[in-house]
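Enquirer: Below is the structure I would like to discuss, written out as structure tokens.
What follows draws every value from the coordinates through simple rules; no lab data is involved. In this text, all values refer to a predicted model and were calculated from it rather than measured experimentally. Please note: Cβ atoms are built from the backbone with ideal geometry, for glycine as well, and neighbour counts cover all protein chains shown.
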Protein chains: 4
Amino acid sequence: MKDRRTFIKQAGLAGLAGFVPINPLLASDFKEDKSANNEVSDAKWPDGSRLVVSVSMQFEAGGQPVNAESPFPQNMQKGFIDLPGESWYQYGYKEGIPRMLDNWDKFGIKVTSHMVGSAVLKNPELAKEIVQRGHEAAAHGMDWATQYSMPYETEKKFIKDGADAIKKVTGFEPVGYNANWLRRGTNTLEILQELGFKYHIDDLSRDEPFLLKVKGNDFVVVPYTIRCNDIVLVEGKNFSADQFARQVIMEFDQLYIESEKKRRQMSISFHDRIGGTPQMVAATTQILSYIQKHKGVSFRRKDEIAQMAYQDKNIIRE
Amino acid sequence: MKDRRTFIKQAGLAGLAGFVPINPLLASDFKEDKSANNEVSDAKWPDGSRLVVSVSMQFEAGGQPVNAESPFPQNMQKGFIDLPGESWYQYGYKEGIPRMLDNWDKFGIKVTSHMVGSAVLKNPELAKEIVQRGHEAAAHGMDWATQYSMPYETEKKFIKDGADAIKKVTGFEPVGYNANWLRRGTNTLEILQELGFKYHIDDLSRDEPFLLKVKGNDFVVVPYTIRCNDIVLVEGKNFSADQFARQVIMEFDQLYIESEKKRRQMSISFHDRIGGTPQMVAATTQILSYIQKHKGVSFRRKDEIAQMAYQDKNIIRE
Amino acid sequence: MKDRRTFIKQAGLAGLAGFVPINPLLASDFKEDKSANNEVSDAKWPDGSRLVVSVSMQFEAGGQPVNAESPFPQNMQKGFIDLPGESWYQYGYKEGIPRMLDNWDKFGIKVTSHMVGSAVLKNPELAKEIVQRGHEAAAHGMDWATQYSMPYETEKKFIKDGADAIKKVTGFEPVGYNANWLRRGTNTLEILQELGFKYHIDDLSRDEPFLLKVKGNDFVVVPYTIRCNDIVLVEGKNFSADQFARQVIMEFDQLYIESEKKRRQMSISFHDRIGGTPQMVAATTQILSYIQKHKGVSFRRKDEIAQMAYQDKNIIRE
Amino acid sequence: MKDRRTFIKQAGLAGLAGFVPINPLLASDFKEDKSANNEVSDAKWPDGSRLVVSVSMQFEAGGQPVNAESPFPQNMQKGFIDLPGESWYQYGYKEGIPRMLDNWDKFGIKVTSHMVGSAVLKNPELAKEIVQRGHEAAAHGMDWATQYSMPYETEKKFIKDGADAIKKVTGFEPVGYNANWLRRGTNTLEILQELGFKYHIDDLSRDEPFLLKVKGNDFVVVPYTIRCNDIVLVEGKNFSADQFARQVIMEFDQLYIESEKKRRQMSISFHDRIGGTPQMVAATTQILSYIQKHKGVSFRRKDEIAQMAYQDKNIIRE
């Protein structure tokens, strides 16, 4: 594995505000680097930045259940299919992901794509393209099932099937996990660790990563967001795209101030069929343009954040 | 029929940003022009524009069922009529459509009016005026029934009755279709083709038209919108008019950028009783003024878009 | 009664953009002035203005039923009183109406106050003050009962009791009517006419007043609004005050343009406990300051509008 | 106790726009100062300011019941725990309160923290820190129970237990009370007085404090807010942070105008897990920066406001 020193050097070379290209990490990359000296101040991240921004791109469309919730009224008669609702989801892979992929390139950032297994199997070329363009594939369950109430073995198979689908189609072995609606069960973390996962994101409690002990072993939490998350637009009538942009920029403003004294992480999340619309990509463009004008900010995939967390002596432990 | 060459020439003469006046198309105009050379770059539309904007104006008021949903609380006692709710709908034909018609003229654009059959029969003069002022009449069912659960013959009669009402009252033979709440059934496309329709819009999956095979024959989809759709204001307390304007303008901004390399279609939709209010026409004025400042954009009726799609060798086929 | 000529002259003297003070009208003032010549162009109102703005101030607080809907969760256990909900209503008469009264004076405008009978009896001094400061008292039912399902005689008594309470307390005989949630029944107009009312407002269908025949006699409709109505803020989490201001100003912009060629009426409505908050009075201040910068606009009580409608040869008749 | 004269003098020394540091008040400080002359004009507060702004910071997280409402869908299967919902609450004490505490210091203001007893017991260090940094600890029940339907003795114990927890952990004896969802019962005020409380806030009816008689004795009401309250964002999809900021600023604008002639109080409220997010602290920063540019405004803890109310001869009595 790339050692800590090399890691920091690369960051230095590439500059902090831009993206530091890193090859897909292997599960074996995630050992704690106990030898490394912490060469940067406590306020900074191991890569020298003060604020790390982590962007998620959910790849779910195509994997949703029949008549899944959409902006259409939830009043379908039994036995019939909500065809326009389906086309709303199709937008996710036909227009949404491709548009966002182009936009990430435009800004030179890499993101984490949380992939539902069945969505990957339905659109394998697109899943492959996401990885080939340098983004992280993270697992997001085999499909949109309620995970928290599954018995242990059922859940384990459910998680493994999703991860296997991603690995098989994209060649990328997922090390991160996101449960449907963030609703993991009480066994989930243990299962994840057994299966070789290195971090999960189903936690909103902090603006920086932290370490848990799961069965005596460290496990990283890379916190997620529901407020800088395009899900606030899902009904098509709550937030408008410009509201979203303003709110996320306000989030950044405060975290940037705080990051002068304390390392901070900002999470922003987009779903294929929502964040991939033209108006939301326009909003994203406003957000990213704004953020990139600030020094000391790096955009990181969540596996990179998790790696930094494992290597970081000052990490919060809960 | 007007041949391809003539069509493009007309477009050239009239300029791209303005509206190209075209007589109501006949169903017989919709044959694929196999001989035509594609004289413009693949990024452009057959009419030479890079982005086509399609505006819809729903003509539904007067055709709604008793106590149809409105901004009023949905708690009427049985056996009584929601009189203020009715007056909310009446606004659609008394003020809304006339106001929008004047506004389209001000901007020199032609739109597609999706007409409910019973609404047309209730206000025939207004339906006629819409067509006489150069707009397309598209079918929208005989009334506000749930179409997706109808048996085949019932649905066929339902669609045909609505189209006949439009033809009889306005002289315009509809070639486009829009189901109530976009909810077509599994037989709808076949029925539409049998009845001579040339396209439908009940699909949100793309930002450009595409071709389907229906019983082995081509059928065009001109995608619709629910996010650049005034329906987001329907409860009278979600989006405000200025939010709507900002969101639609953001949608345009992104599609305009993309249209440099790829032909793109933008859809905007207004309902008689919502989009026809002064505040929403003010919003529409902001939107149209903004769009018309950009080169290479044409406003097109959906029948024109469908015609271009049939003639286009580079059309997406699904 | 003041004759038509005098009426127009007064308007001329006082200037169009300002308020023309008019004494409380008597029911007997509402005879059609058949002799009057229409001296102004058809595009103008009888008072020479092009756009008439009518502001409503609902006086309802104190008359609401126990545990009436409020921004608080609607989940009270049976047998208990929602005390903070009550205090939310009390705000209407303790702060809301007094604040709005001062604001109308600041802008020199007179409004129509739709008064619930039981609210008037609970706060008679405030009701009296409204009238003494030159505003119109219109009837709004005896209390917040569901009016549309009442039998004829019950409804008649209900309307009369409310009007009598207003007359008794304020000395003002109401000639206008507004039903709870605008929901009149099928007998309401006939009852209103029997009781000597001259107009009602429970109709959203036009942006100008119009005449109905009720039992063969003329009856004026002065249309109301639910979109330029602070009720869009009622849940405390939909519209914000600045959104309201922007939306209403957009409404004005379009109506003002239209009023160059056609007489137009704009309606704006405020409720004691909503429109009377500081943030909404700040919004109202923005709206009124904006409107008063435009020439040819007059602010009118609804009884004045109704009077103009009766005297107007060009009035729309339905 | 600090006498009235000294109190005013301190205010004079420290300047009106800044915060006047005052030690935690004792319950015994709340006697009416009958000897004091009212040296300032009636339009002013006893401390010489024209507008008093009172900020609340709810300390509730950790004390919520299992599966308490959160932005997540309220559809958990029975017997399972909403883990991401829990992490949403944890944000309140891990990030929210600490962030807000730093922000209050930045602006030099002291606030009132309404503390749920069980939340205090769960995070005693944080509760202590709030008090040590000069803020008021007010009682907010032992936990999130429905208080209004409790029998007298149950309610008394419930209130006392919460207050005792605060006293024990922080050393601060609460004199103010806030019921869950503001929903006090009909016995609450009497119980509060018995227990030595000096004011409650569960009333929205005025923009200034007032006095009630409870069992013949004076009791102060320091009115609260639900519109300048971050609860309007609670579902994560209604108000955006920028909307909140604009609305609160509009509230201030109007109250500031009014305070020229009449003493006015403005209330702003934040919850640990909502108002403590970066975007909301950014909004708060906008609000406080704006307010502090105005002369004659003081930020006061609610116990200070109550103290001024008891000493004020011109106080409204209901």
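Enquirer: Taking H placed 1.01 Å from N in the peptide plane, check which residues at least 5 places from C:SER269 or on another chain put their amide H under 5 Å from its amide H.
Expert: Answer set, sorted by chain and number: C:SER56, C:ASN229, C:ASP230.
Enquirer: Of the options C:VAL169, C:PHE210, C:MET150, report the single residue whose Cα projects farthest towards the positive end of the charge dipole of the range C:79-217 (beta-carbon charges: Lys, Arg +1; Asp, Glu -1).
Expert: So the residue furthest toward the plus end is C:PHE210.
Enquirer: Can you give the percent of C-alpha pairs in the range B:91-134 whose distance is more than 17 Å?
Expert: 25 percent
Enquirer: Report the charge-dipole magnitude of chain B in Debye, nearest 20, computed about the Cα centre from +1 at each Lys and Arg Cβ and -1 at each Asp and Glu Cβ.
Expert: 660 debye
Enquirer: Each residue of the range A:201-215 in turn: what ³J(HN,Hα) in whole Hz from Karplus with 6.51, -1.76, 1.60 and θ = phi - 60°, glycine and Pro shown as x?
Expert: Per residue, the Karplus-derived 3J(HN,Hα) values read 10, 7, 7, 10, 7, 9, 9, 6, x, 8, 9, 10, 9, 10, 6 Hz.
Enquirer: Follow-up question, since we're still on this one. Taking R0 as 22 Å, what FRET efficiency do you get between B:PHE80 and C:ILE316 from their Cβ-Cβ distance, rounded to the nearest 0.05?
Expert: Result of the calculation: an efficiency of 0.20.
Enquirer: What is the set of long-range amide H partners of A:ARG133 at a cut-off below 5 Å, with H atoms built 1.01 Å from backbone N?
Expert: Here the answer is none, since no amide H 5 or more places off falls under 5 Å of that of A:ARG133.
Enquirer: Which residue, A:CYS228, A:ALA309, A:PRO65, has the largest displacement toward the positive end of the dipole of chain A when charges sit on each Cβ (Lys, Arg +1; Asp, Glu -1)?
Expert: The residue sitting most towards the positive pole is A:ALA309.
Enquirer: Still on this structure, please answer the following. Apply the Karplus curve 6.51 cos²θ - 1.76 cosθ + 1.60, θ = phi - 60°, to the phi angles in the range C:53-64 and return the couplings in whole Hz, x for Gly and Pro.
Expert: My calculation for the range C:53-64 gives 9, 10, 9, 10, 10, 6, 10, 10, 4, x, x, 6 Hz in order.
Enquirer: Can you compute the FRET efficiency between A:GLU260 and C:GLN132 using 1/(1 + (r/R0)^6), with r the Cβ-Cβ distance and R0 = 60 Å? Round to the nearest 0.05.
Expert: 0.50
Enquirer: Could I ask something else about it? Amide H of C:SER113: which non-local residues (sequence gap of 5 or more, or other chain) have their own amide H closer than 5 Å, using H built in the peptide plane?
Expert: Here the answer is C:MET57, C:GLU136, C:ALA137, C:ALA138, since their amide H atoms fall under 5 Å of that of C:SER113.
Enquirer: Can you tell me the relative contact order of chain A? Whole percent, Cα pairs under 8 Å, sequence separation 6 or more.
Expert: Answer for chain A is 29 percent.
Enquirer: Put a label point 7 Å from Cα along the Cβ direction on D:GLU153, then list its distances to the equivalent points in the other copies in nm, shortest first.
Expert: For D:GLU153, the inter-copy label distances come out at 5.5, 5.5, 7.7 nm.
Enquirer: So how far apart, in nm, are the two label points at C:ASP102 and C:TYR290 if each is 7 Å from Cα heading toward Cβ?
Expert: 2.4 nm
Enquirer: Separate question: Using the alpha-carbon atoms, what tilt in degrees (0 to 90, nearest 10) does helix C:278-292 show relative to the longest principal axis of chain C?
Expert: 10 degrees
Enquirer: To continue, here is another question. Put a point 7 Å out from Cα along the line to Cβ at B:LYS167; what are the distances to that point in the other copies, in nm, shortest first?
Expert: Taking the point 7 Å beyond Cα along Cα→Cβ, the inter-copy spacings are 6.1, 6.2, 8.7 nm.
Enquirer: Rg and Dmax of the range D:51-317 over Cα atoms: what are they, in angstrom?
Expert: 17.9, 58
Enquirer: Looking at chain C, what % of its DSSP beta bridges pair antiparallel, to the nearest 5?
Expert: In chain C, approximately 15 percent of DSSP beta bridges are antiparallel ones.
Enquirer: How large is ³J(HN,Hα) for each residue in the range D:73-84, as worked out from phi by the Karplus curve 6.51 cos²θ - 1.76 cosθ + 1.60 (θ = phi - 60°), to whole Hz, x for Gly and Pro?
Expert: These are the phi-based 3J(HN,Hα) values: x, 8, 9, 5, 5, 4, x, 10, 9, 7, 5, x Hz.
Enquirer: Take every DSSP beta bridge whose two residues both sit in the protein assembly as shown, then give the antiparallel share in percent to the nearest 5.
Expert: Antiparallel bridges: around 15 percent, rounded to the nearest 5.
Enquirer: Taking R0 as 51 Å, what's the FRET efficiency between A:LYS215 and D:LEU212 from their Cβ-Cβ distance, rounded to 0.05?
Expert: The formula returns an efficiency of 0.30 here.
Enquirer: Something else now. Among the chymotrypsin sites (Phe, Trp or Tyr not before Pro) in the range C:64-98, which ones are in a DSSP loop with at most 16 other Cβ atoms within 10 Å of the Cβ? Mind listing them?
Expert: Hits after loop and neighbour filter: C:PHE80.
Enquirer: Write out the trypsin sites (Lys or Arg not before Pro) in the range D:254-288 meeting two conditions: DSSP loop, and at most 15 other Cβ atoms within 10 Å of their Cβ.
Expert: Answer by residue number: D:LYS261, D:LYS262.
Enquirer: Let me ask something additional. On the Cα set of the range C:176-318, report Rg and Dmax in Å, please.
Expert: Cα radius of gyration and Dmax of the range C:176-318 are 16.2, 46 Å respectively.
Enquirer: Related question: In nm, what does the list of distances from C:PRO73 to its counterparts in the other copies look like, shortest first, when each label sits 7 Å along Cα to Cβ?
Expert: Shortest to longest, the spacings are 2.0, 2.0, 2.8 nm.
Enquirer: Using the Kirkwood formula over every pair of different C-alpha atoms, what hydrodynamic radius in Å results for the protein assembly as shown?
Expert: Averaging 1/r across every pair of different Cα atoms and inverting gives 33.3 Å.
Enquirer: Now for a separate question. What ranking do D:214-220, D:58-64 get when scored by the average of other Cβ atoms within 10 Å per residue, highest first?
Expert: D:58-64, D:214-220
Enquirer: Something else now. Within a 10 angstrom radius of the beta carbon, how do A:LYS293, C:LYS156 rank from fewest other beta carbons to most?
Expert: A:LYS293, C:LYS156
Enquirer: Right, here's the next one. Nearest 10 degrees is fine. How inclined is helix B:241-258 to the longest principal axis of chain B, computing both from alpha carbons?
Expert: Result, in degrees: 20.
Enquirer: Nearest 10 degrees, 0 to 90: what angle lies between the long axis of helix D:97-107 and the longest principal axis of chain D (Cα atoms)?
Expert: For D:97-107 against chain D, the angle is about 30 degrees.
Enquirer: Let me ask something else. Which whole-number percentage describes the relative contact order of the range C:201-310, with Cα contacts under 8 Å and a sequence gap of 6 or more?
Expert: Result for the range C:201-310 is 31 percent.
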